[in-house]
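Novice: Have a look at the structure that comes next, please.
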Amino acid sequence: MSLAGYADGNRLRIGDGAALVAAAVAVAVALDLPIVEIVTIGFVERSLQAATPIALTAIGGLYAEKSGVFNIGVEGFMIFGAATAATTMWIISGGDPGQSDIWLAILASVLVSLAFAVLFAILLIRYEADQIVAGLALWFVGLGFGPFMAVLVWDSRNSPSLESIDNLAIPVLADVPVLGRILFDASPLVMITAVVAVAAWKFLNDTRYGYWIQAAGENPEALDTAGVDLTRVRYAAVIFSGVMAGLGGAVLLAQAGSFTGTGDTMVSGRGWIGIAAYLFGNYNPLGAAAAALVFGAWTCYRSSYRRSASTSRTGWLICSRTPA
């Protein structure tokens, strides 16, 4: 891309961002929302936590779609991740989970999600299953998997109270006014997600592997002509998307501190929101993360201020708790 083209692209993105901010302000004024009362440091902290699982899922789904495969099953992967994290945390701790158990539970979720993602990728790529049908089927399996695991462990679809992740304060930086508390005295999962978003953007746009992923979706014939195995690229992208969505579910569990298996489970549509986030973010990992923050802020607004009857129990748990 030429320097002029890059500059034009940046101006377009800045213009779009300014338009979105202006639209948000206009809506807030029209609805007479108490912006000063709403946007506090605590609200921003909780919004970041609510956005984290959505952002991870969005980045994973984005990679799959960039490679030419639509992983509509991310909602199911999130359920696998959340249920695995909850049951693992309970079992390895003997019913009294601590902070170290959270990390082991997240690791277990990643491994289980990896296994499901490999099977899902084989189904989509090797056997050329319909992507929509297979993704919806995976979601339905997840809706059964979560409550089933909960009943096996607790004889109930919902878990008792589990451990939620504590904040991590970075010395010196945490003492910086306002930003220090938001960015450097926060959940380590929020910090990790921020690093993942930047790394995913850099990888996709500045490495040959990232170019391969994009070419697999945009011009697979050219990729094949260049001698790159299209099938392997798509396998890697789909497996990555499943693992990231499973990680998103585990992070959701770690933020909320309990598992809900009733209804649509504690995931409650966050996988679908993840898909919307990367579409809203124009297939850019950083844009997807920013869109996830918008959705996270809306969740916390409903939970903390409107107390809407439609707000999920998980959203309330994340957005109403005081960070440790």
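The values are calculated or read from the model by the stated rules, or taken from the named source; none is laboratory data. Owing to the predicted nature of the structure, the values given are computational and were not obtained by experimental measurement. Here the Cβ is made from the backbone with ideal geometry for all residues, glycine too, and neighbour counts use every protein chain on show.
Novice: For V118, all conditions in the list (1) touching a Ser or Thr at 6+ places or on another chain (Cβ under 9 Å); (2) over 20 Å from T265 (Cα atoms); (3) at pLDDT 95 or above hold save one; what is the number of the exception?
Specialist: (1)
A quick yes/no check of all residues on (1) without any contact (Cβ under 8 Å) to a residue 24 or more places away in the chain; (2) crowded, with 16+ Cβ neighbours inside 10 Å:
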residue: I170; (1), (2): yes, no
residue: R181; (1), (2): no, yes
residue: F184; (1), (2): yes, yes
residue: V190; (1), (2): no, yes
residue: L204; (1), (2): no, yes
residue: G242; (1), (2): no, yes
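Novice: Does D224 satisfy the criteria of being without any contact (Cβ under 8 Å) to a residue 12 or more places away in the chain, among the acidic types (D, E), farther than 20 Å from C300 by Cβ and out of contact with any helix residue (DSSP H, G or I) (no Cβ under 9 Å at 6 or more places or on another chain)?
Specialist: no
Novice: So, in the stretch 263-307, exactly how many residues are basic (K, R) and either at pLDDT 95 or above or closer than 24 Å to G146 by Cα (or both)?
Specialist: 1
Novice: When the stretch 216-234 is examined, which residues are found to be assigned to a helix (DSSP H, G or I) and of a type outside the set (G, A, S)?
Specialist: E218, P220, E221, L223, D224, T225, L230, T231, R232, V233, R234 - these are the residues of the stretch 216-234 that are assigned to a helix (DSSP H, G or I) and of a type outside the set (G, A, S).
Novice: Name every residue in the stretch 117-163 that is among the small types (G, A, S) and in contact with a Leu (Cβ under 8 Å, 6 or more places away or on another chain), in order of residue number.
Specialist: Across the stretch 117-163, the qualifying residues are A129, A134.
Novice: Suppose we filter I213, I165 for residues that are in a loop (DSSP other than H, G, I, E, B) and touching a residue at least 24 places away in the same chain (Cβ under 8 Å); which single one remains?
Specialist: Being in a loop (DSSP other than H, G, I, E, B) and touching a residue at least 24 places away in the same chain (Cβ under 8 Å) holds for just one of I213, I165, which is I165.
Novice: Show the residue pairs that are 6+ apart or on different chains and have beta-carbon atoms under 8 Å apart, the first residue being within the stretch 70-89 and in contact (Cβ under 8 Å) with a residue 12 or more places away in the chain and under 13 Å from L56 (Cβ atoms), the second being buried (at least 24 other Cβ atoms within 10 Å of the Cβ) and of a type in the set (D, E, K, R).
Specialist: Filtered contacts from the stretch 70-89: M78/R270.
Novice: When the residues of the stretch 38-69 are narrowed to those that are in contact (Cβ under 8 Å) with a residue 12 or more places away in the chain and in a loop (DSSP other than H, G, I, E, B), which ends up nearest to R234 (Cα to Cα)?
Specialist: S67
Novice: Okay, next question. Do we find a residue being at pLDDT 55 or above, hydrophobic (A, V, I, L, M, F, W, C) and either surrounded by 11 or more Cβ atoms within 10 Å (Cβ to Cβ) or outside any helix (DSSP H, G or I) (or both) anywhere in the stretch 1-8?
Specialist: Checked against the condition, which is being at pLDDT 55 or above, hydrophobic (A, V, I, L, M, F, W, C) and either surrounded by 11 or more Cβ atoms within 10 Å (Cβ to Cβ) or outside any helix (DSSP H, G or I) (or both), the stretch 1-8 yields no hits at all.
Novice: I've got another one for you. Out of curiosity, is V110 more than 18 Å from G135 (Cβ to Cβ) and either touching a residue at least 60 places away in the same chain (Cβ under 8 Å) or surrounded by 24 or more Cβ atoms within 10 Å (Cβ to Cβ) (or both)?
Specialist: yes
Novice: Checking A174 against (1) out of contact with any strand residue (DSSP E or B) (no Cβ under 6 Å at 6 or more places or on another chain); (2) in a helix (DSSP H, G or I); (3) more than 25 Å from V118 (Cα to Cα), only one condition comes out false. Which one?
Specialist: Looking at each condition in turn, A174 falls short on (1).
Novice: Mind listing just one residue for me: the one in the stretch 141-161 that is in contact with a Phe, Trp or Tyr (Cβ under 7 Å, 6 or more places away or on another chain) and not β-branched (V, I, T) and, of those, nearest to I72 (Cα to Cα)?
Specialist: By that ranking, first place goes to G142.
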